[in-house]
1. Could you identify which residue out of TYR58, TYR88, TYR50 has the top mean-square fluctuation in a GNM of the chain using Cα springs shorter than 10 Å?
2. What is the set of long-range amide H partners of VAL53 at a cut-off below 5 Å, with H atoms built 1.01 Å from backbone N?
3. Express the carbon and sulfur contribution to the solvent-accessible surface of the chain as a percent, rounded to the nearest whole number, probe 1.4 angstrom.
4. Leaving out same-chain residues fewer than 8 places away, which aspartates and glutamates sit with a Cα under 15 Å from that of LYS184?
5. Assign one of three labels to the stretch 80-140, namely rounded, prolate or oblate, based on the Cα gyration tensor with a ≥ b ≥ c the square roots of its eigenvalues; rounded applies when a/c is under 1.5, prolate when it is not and a/b is larger than b/c, and oblate otherwise.
6. Rounded to the nearest 10 degrees, what's the angle between the helix 169-184 long axis and the longest principal axis of the chain, both from Cα atoms, 0 to 90?
7. Take the Cα gyration tensor of the chain, multiply each eigenvalue by 5, square-root it, and list the three semi-axes largest first, rounded to whole angstrom.
8. Can you give the extra length, in nm with one decimal, that the chain gains between GLU83 and LYS171 once fully stretched, where that is 0.36 nm per residue apart less the Cα-Cα distance?
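The values are calculated or read from the model by the stated rules, or taken from the named source; none is laboratory data. Values in this document were obtained by computation on a predicted structure and should not be read as measured data. Here the Cβ positions follow ideal geometry from the backbone for every residue, glycine too, while neighbour counts run over all protein chains shown. Calculation scope for accessible area: heavy atoms of the full protein, side chains included, ligands and nucleic acids excluded. Shrake-Rupley method; radii C 1.70, N 1.55, O 1.52, S 1.80 Å.
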Amino acid sequence: MPMTFLIDTSRCTACRGCQVACKEWNDLQANKTRQRGTHQNPPDLNPFNYKLVRFAEYKENGKVVWYFFPDQCRHCVSPPCKEAADSYVEGAIIKDPKTGAVIFTERTRLLKPEQVEEVISYCPYNIPRLDTGTGILAKCTMCNDRVKRNMLPMCVKTCPTGTMNFGERSKMVALAKKRLAELKKDYPNAQLQDPDDVNTIFLLTEDPKKYFQKVG
Ligand code: SF4
Ligand code: SF4
Ligand code: SF4
C-alpha cells in the first residue's frame, strides 16, 4: 500500500514551519534572498527548497484574502518525470515500491541538458529543479529515509495545524473525502486536486489557479 499526503489547505496558517523543517532535515543550503513585497520567500521552488509555502493575495469585497499552498512533489502514481528519464538513463528516477516515493537519484546528473529539460517539462506540477552546481535534479523525497523507519515526513511532523497529514493511501483518501464533504458546506468550490493520479493530495477551498501568483 503506497503512502500518501493529504494537504488540507483550509487549515494552513502559512507559518512556514514545514518549509524550514524540510530544509533542516535535508541539510539544504540557505538561499540569498531579498524582500519582494510578499511573504512567499524564496520566490519559487529551487534545488535547495523542496517545500515552498505559496502566498496568493487578493482584495475581495474590500477585504484582503489570502490563499496558502504548501507546494511540493505530488509523488505521482504513474510519474511522468520517471517515464521521461527512463528512456535515457536507467535508475535516474526511481519509485520505491513499498512507500510509493518518487526519488531523483544522483544518476540524474547523467542526463544531457536537453533530456533534463524534457524531464522537467513532463512534470504537470512544475516541481523538478536543476542544481546547476552538481548537475543533479532535485525535489521532495517524501522523507523516504524516515518513512521506511515508520517515522513521519519532517514537514508533517512539524505542522501544528493538521494541514499536513500522512499515512496509508486508503486512510488518506477516506480522510480527504470526509474533509471535502465538511468544507463544501462553507466553500462550494472546495475540491481535491487530481486525487486518483497523485500521492500528495491537495484539498483546496477554491479553484487551483487562485493559489498561484507569480512573484517577481
Ligand atoms: Fe515527478 Fe512531478 Fe509527479 Fe513529482 S509531481 S512525481 S516531479 S511528475
Ligand atoms: Fe521536505 Fe520531506 Fe516534506 Fe518532502 S516529505 S517536503 S522532503 S520534509
Ligand atoms: Fe501550513 Fe502547516 Fe506548513 Fe505551517 S507547517 S505553513 S500550517 S502546512
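1. Checking each option, the largest mean-square fluctuation is seen for TYR58.
2. Here the answer is ASP71, since their amide H atoms fall under 5 Å of that of VAL53.
3. On the way: 5870 of 11330 Å².
In the chain, the share of accessible area belonging to carbon and sulfur is 52 percent.
4. ASP8, GLU206, ASP207
5. Working: a/c = 1.41, a/b = 1.35, b/c = 1.05.
Judged from the Cα gyration tensor, the stretch 80-140 comes out rounded (a/c under 1.5).
6. Around 30 degrees separate the two axes.
7. Values: eigenvalues 150, 91, 53 Å².
Equivalent ellipsoid semi-axes, largest first: 27, 21, 16 Å.
8. Details: separation 88, 0.36 × 88 = 31.68 nm, distance 2.76 nm.
Full-extension gain reported as 28.9 nm.
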